[in-house]
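Worksheet: the structure to be examined is printed underneath.
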Amino acid sequence: MKFFIDTADIEEIRDLASTGLVDGVTTNPSLIAKSGRNFLEVVAEICEVVDGPVSAECVALDFETMLKEGRKLSKIADNIAVKVPLTEAGLKTCKALSDDGIMVNVTLCFSAAQALLAAKAGATFISPFVGRLDDIGQDGMDLIADVVTIYENYDFATEVLVASIRHPVHVVQAAKMGAGVATLPPKVLRQLFGHPLTDKGLDGFMKDWAATGQSIL
Ligand code: E4P
């Protein structure tokens with residue numbers, strides 16, 4: 001399973017990329033606003049730090065302008081994945097860009113039917129938002145299970161990119177379902193490292209080691 005990080009905070013990205021566990025980055029207009037940075041500049045910087053796909057989202061709602069934006073974003077770096085919303089204009093843009101060999105991430109997916117359309121439009125990634133479905137009383141992970149099954153049934157190359165992840169349980173469930181990618185807020189990626197028994201065990205080992213008076217180096 002690939003791990004992308006869901007942030008436009010360049011310091012967070014540098015820090016987490018140094019673990020060797022980051023396969024890509026996703027941004028969206030809200031995350032760009034939160035970073036306080038110029039969109040095109042910060043995305044270019046992220047592309048230098050991370051080799052894998054970096055999602056940069058179009059903001060036009062009509063096909064012609066969205067396509068122009070997508071083409072411009074794709075020129076920032078070879079590892080840009082143009083992000084388009086799951087609308088009719090978004091999927092037309094997805095088809096046109098993917099026909100040109102540009103990676104496309106179709107975002108704001110909330111149903112299996114929408115995911116099916118995105119795969120047919122040639123999306124590189126489909127982003128179903130699990131946390132936002134949970135927020136309205138539906139089980140976001142049910143959608144992931146459906147999309148994984150549908151894509152397997154037809155051998156679609158589109159990768160399921162689990163988005164709007166809120167906690168480590170989402171990540172583990174997504175991995176058990178065979179989703180190809182999870183995009184994690186930095187806090188959730190850090191949470192994955194931790195277990196109280198690891199801390200307790202390490203504490204015990206360190207105390208016993210100190211008592212031996214030895215050193216390795
Ligand atoms: C990722 O591509 C999405 O933009 C992101 O995961 C949305 O997460 P949120 O629902 O926490 O805003």
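Give the residues of region 169-180 that are within 15 Å of THR149 (Cα to Cα) and hydrophobic (A, V, I, L, M, F, W, C), sorted by residue number. Correct list: ALA174, ALA175, MET177, ALA179. Residues that are surrounded by 22 or more Cβ atoms within 10 Å (Cβ to Cβ) and either in a loop (DSSP other than H, G, I, E, B) or more than 13 Å from the ligand (Cβ to nearest atom) (or both) within region 166-183 comprise just one, ALA179.
Test VAL50 against the criterion of being within 14 Å of the ligand (Cβ to nearest atom) and surrounded by 15 or more Cβ atoms within 10 Å (Cβ to Cβ), and give yes or no.
no
Selection of region 4-21 for residues being within 16 Å of the ligand (Cβ to nearest atom) and touching a residue at least 60 places away in the same chain (Cβ under 8 Å) yields PHE4, ILE5, ASP6, THR7, ASP9, GLU12, LEU16.
Would you check if ALA8 is over 18 Å from ARG190 (Cβ atoms), out of contact with any His (no Cβ under 6 Å at 6 or more places or on another chain) and not hydroxyl-bearing (Ser, Thr, Tyr)?
Details: over 18 Å from ARG190 (Cβ atoms): no; out of contact with any His (no Cβ under 6 Å at 6 or more places or on another chain): yes; not hydroxyl-bearing (Ser, Thr, Tyr): yes.
So ALA8 does not fit the description; no.
Confirm whether VAL84 is in a strand (DSSP E or B) and either surrounded by fewer than 18 Cβ atoms within 10 Å (Cβ to Cβ) or of a type outside the set (D, E, K, R) (or both). Spelling it out, VAL84 is indeed in a strand (DSSP E or B) and either surrounded by fewer than 18 Cβ atoms within 10 Å (Cβ to Cβ) or of a type outside the set (D, E, K, R) (or both).
In summary, SER30 fulfils each of the numbered conditions (1) within 16 Å of the ligand (Cβ to nearest atom); (2) surrounded by 16 or more Cβ atoms within 10 Å (Cβ to Cβ); (3) part of a helix (DSSP H, G or I) with the single exception of condition (2).
Determine whether region 53-72 contains at least one residue that is under 15 Å from the mean Cα position of the chain (by Cα), more than 14 Å from LEU97 (Cβ to Cβ) and either aromatic (Phe, Trp, Tyr) or away from the ligand (no atom under 13 Å from the Cβ) (or both). Scanning region 53-72 turns up no residue that is under 15 Å from the mean Cα position of the chain (by Cα), more than 14 Å from LEU97 (Cβ to Cβ) and either aromatic (Phe, Trp, Tyr) or away from the ligand (no atom under 13 Å from the Cβ) (or both).
Number of residues in region 184-209 that are polar (S, T, N, Q) and either part of a strand (DSSP E or B) or under 17 Å from the mean Cα position of the chain (by Cα) (or both): the value is 1.
Residues in region 91-118 that are away from the ligand (no atom under 16 Å from the Cβ), buried (at least 22 other Cβ atoms within 10 Å of the Cβ) and of a type in the set (A, V, I, L, M): LEU91, LEU97.
A short reminder: the numbers here are calculations on the coordinates, not readings from a lab. All of these numbers come straight from a predicted model, not from anything done at the bench. Reconstructed Cβ throughout: ideal geometry from the backbone, glycine too, with neighbour counts over all protein chains shown.
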